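K.L.:
The structure under discussion is supplied below as structure tokens; questions concerning it will follow.
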Amino acid sequence: MSDIVRITDLQKSYKGGFQALKGVSLNIREGEILALLGPNGAGKTTLISTVCGITTPTSGSVSVGGHDIITDYRAARQMIGLVPQEINLEPFERVINTVRFSRGLFGKPSDDKAIEKVLRQLSLWDKKDSQIRELSGGMKRRVLIAKALAHDPRVLFLDEPTAGVDVELRKDMWEVVAGLKADGVTIILTTHYIEEAEAIADRVGVIASGELMLVEDKDTLMARMGQKELEVQLTEKISEIPESLRSDALRLSEDGGALIYTYDTKSERTGITSLLSKVAAAGLVLRDVVTRQSSLEEIFVTLVKEDAA
């Protein structure tokens with residue numbers, strides 16, 4: 001896949017000396033979903049605002065579809081759709097007029113078929129004549145996406161798209177995003193919900209204190225940094241780990257009913273066979289054995305802690 005967004009050594013400083021972005025470089029592939037993860041104040045929104053032309057960079061360069069965001073602003077901006085965090089819609093306007101207006105802002109000719117396609121894609125067609133104030137929070141989020149898609153952008157930025165949305169609606173939004181990707185739209189989303197990145201992203205970027213710590217394929221990141229845990233459940237609870245079993249990789253569960261062994265999936269030998277033999281030799285009786293993979297959230301927390309250290 002070719003790169004549709006190119007960000008090179010992007011920096012943004014404010015009066016007083018605060019540096020929101022510290023030399024961020026990132027290429028985003030056409031048709032991919034990239035999730036940007038980071039704590040509050042990490043620079044996620046500043047990065048999006050700069051690429052979208054809302055904030056002027058202090059230095060560095062950004063191009064979208066080959067168009068520089070400064071020297072060729074109009075062409076670059078026409079390729080971008082932005083869904084902001086805040087729901088800022090005219091409450092008494094009708095849904096279809098709201099979306100039509102957004103299309104007109106980009107100089108696109110009136111095209112009711114295009115508007116109908118977007119509204120149907122987002123399950124808003126039956127609400128087209130409703131006033132915004134009559135919609136639920138989830139539906140208002142969909143209207144924001146419809147507004148962002150009205151001018152047929154090839155790159156869509158979603159800044160915390162499911163903030164304040166319940167779990168069921170959040171999953172509906174994931175399906176919407178997957179449908180947009182199927183249509184060839186490149187999607188960049190920022191999120192505090194790690195499960196979103198784990199569920200729908202192709203690549204994950206971690207940003208903290210204005211610096212991009214890494215960008216990697218999600219599955220590769222999980223394989224490279226993820227660890228597995230083996231939970232050896234016992235028939236009887238114990239108060240401490242027997243001397244013969246003590247190691248840095250083994251800990252006792254809080255209730256004393258299981259031994260939890262952490263191992264690296266990339267190692268040639270996991271040590272599980274040896275562990276189970278030692279458990280039996282120590283006179284402990286197994287009730288069950290369960291394995292679990294480290295989640296992306298745990299990996300993210302580890303990365304941020306390492307950066308702060």
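The values are calculated or read from the model by the stated rules, or taken from the named source; none is laboratory data. None of these values were measured; they are calculated from a predicted model. Note that we place each Cβ from the backbone using ideal geometry, even for glycine, and neighbour counts take in every protein chain shown.
K.L.:
If I filter region 177-210 down to residues being among the charged types (D, E, K, R) and part of a loop (DSSP other than H, G, I, E, B), which single residue comes out as farthest from residue 57 (Cα to Cα)? It would help to see each step written out before you state the result.
P.N.:
From region 177-210, those among the charged types (D, E, K, R) are 181, 183, 195-196, 198, 202-203; that's our starting set.
Now restrict to residues that are part of a loop (DSSP other than H, G, I, E, B): 183, 202.
Values: 183: 31, 202: 27 Å.
Among residues in region 177-210 that are among the charged types (D, E, K, R) and part of a loop (DSSP other than H, G, I, E, B), the one farthest from residue 57 (Cα to Cα) is 183.
K.L.:
Further question: Does residue 186 fit the bill of being at pLDDT 90 or above and more than 30 Å from residue 11 (Cβ to Cβ)?
P.N.:
Against the criterion (at pLDDT 90 or above and more than 30 Å from residue 11 (Cβ to Cβ)), residue 186 does not qualify.
K.L.:
For residues that are of a type outside the set (Asp, Glu), at pLDDT 90 or above and within 30 Å of residue 219 (Cα to Cα), scanning just region 231-250, find the one that is surrounded by the fewest Cβ atoms within 10 Å (Cβ to Cβ).
P.N.:
233
K.L.:
Might you let me know whether region 14-21 holds any residue that is basic (Lys, Arg) and in contact (Cβ under 8 Å) with a residue 40 or more places away in the chain?
P.N.:
No, the conditions are met nowhere in region 14-21.
K.L.:
Which of (1) over 23 Å from residue 292 (Cβ atoms); (2) not assigned by TED's automatic domain parsing to the domain that holds residue 9 does residue 233 not meet, given it meets every other one?
P.N.:
All conditions are met except number (1).
K.L.:
Now a separate question. Name the residue, out of 183, 217, that is more than 11 Å from residue 34 (Cα to Cα) and among the acidic types (Asp, Glu).
P.N.:
183
K.L.:
Could we say that residue 142 is without any contact (Cβ under 8 Å) to a residue 40 or more places away in the chain, among the charged types (D, E, K, R), over 30 Å from residue 74 (Cα atoms) and crowded, with 17+ Cβ neighbours inside 10 Å here?
P.N.:
Taking the combined requirement at face value, the residue does not satisfy it.
K.L.:
Would you confirm whether any residue within region 164-173 is within 30 Å of residue 69 (Cα to Cα) and at pLDDT 90 or above? Steps first, answer last, please.
P.N.:
If we filter region 164-173 for residues that are within 30 Å of residue 69 (Cα to Cα), which is where we start, we get 173.
If we keep only those that are at pLDDT 90 or above too, we end up with none.
No, that holds for no residue.
K.L.:
Look through 80, 96, 87 and report the one residue that is at pLDDT 95 or above and under 18 Å from residue 139 (Cβ atoms). Steps first, answer last, please.
P.N.:
Values: 80 fails: under 18 Å from residue 139 (Cβ atoms); 87 fails: at pLDDT 95 or above.
Going through 80, 96, 87 in turn, the sole match is 96.
K.L.:
Somewhere in region 197-204, is a residue surrounded by fewer than 19 Cβ atoms within 10 Å (Cβ to Cβ), modelled with pLDDT of 90 or more and not β-branched (Val, Ile, Thr)? If you could, list the steps in order and put the result at the bottom.
P.N.:
Going through region 197-204, the residues surrounded by fewer than 19 Cβ atoms within 10 Å (Cβ to Cβ) turn out to be 198-199, 202.
Within this subset, residues satisfying the condition of being modelled with pLDDT of 90 or more are 202.
From what is left, the residues that are not β-branched (Val, Ile, Thr) are 202.
Within region 197-204 (the criterion being surrounded by fewer than 19 Cβ atoms within 10 Å (Cβ to Cβ), modelled with pLDDT of 90 or more and not β-branched (Val, Ile, Thr)), the answer is yes, since at least one residue qualifies.
K.L.:
Another question, then. Run residue 193 past the list (1) in contact (Cβ under 8 Å) with a residue 40 or more places away in the chain; (2) under 15 Å from the mean Cα position of the chain (by Cα); (3) surrounded by fewer than 21 Cβ atoms within 10 Å (Cβ to Cβ) and report the number of the one that doesn't hold.
P.N.:
Of everything listed in (1) in contact (Cβ under 8 Å) with a residue 40 or more places away in the chain; (2) under 15 Å from the mean Cα position of the chain (by Cα); (3) surrounded by fewer than 21 Cβ atoms within 10 Å (Cβ to Cβ), residue 193 misses just condition (1).
K.L.:
Also, quick follow-up: Yes or no: region 49-63 includes at least one residue that is within 14 Å of residue 4 (Cα to Cα), of a type in the set (Gly, Ala, Ser) and crowded, with 19+ Cβ neighbours inside 10 Å.
P.N.:
yes
K.L.:
Further, regarding this structure: For the condition in contact (Cβ under 8 Å) with a residue 40 or more places away in the chain, under 30 Å from residue 187 (Cβ atoms) and not in a strand (DSSP E or B), what is the one hit in 222, 213? Explain how you work it out, then say what you get.
P.N.:
Values: 213 fails: not in a strand (DSSP E or B).
The unique qualifying residue is 222.
K.L.:
Also: Given (1) more than 16 Å from the chain's Cα centre (by Cα); (2) assigned to a strand (DSSP E or B), where does residue 151 come up short, assuming only one miss?
P.N.:
Of the numbered conditions (1) more than 16 Å from the chain's Cα centre (by Cα); (2) assigned to a strand (DSSP E or B), the odd one out for residue 151 is (2).
K.L.:
Within region 64-78, is there a residue that is buried (at least 17 other Cβ atoms within 10 Å of the Cβ) and under 21 Å from residue 201 (Cβ atoms)?
P.N.:
Within region 64-78, one or more residues are buried (at least 17 other Cβ atoms within 10 Å of the Cβ) and under 21 Å from residue 201 (Cβ atoms).
K.L.:
Hey, residue 255 hits all of (1) within 30 Å of residue 47 (Cβ to Cβ); (2) modelled with pLDDT of 90 or more but one; which does it fall short on?
P.N.:
Tallying (1) within 30 Å of residue 47 (Cβ to Cβ); (2) modelled with pLDDT of 90 or more, residue 255 fails exactly one: (1).
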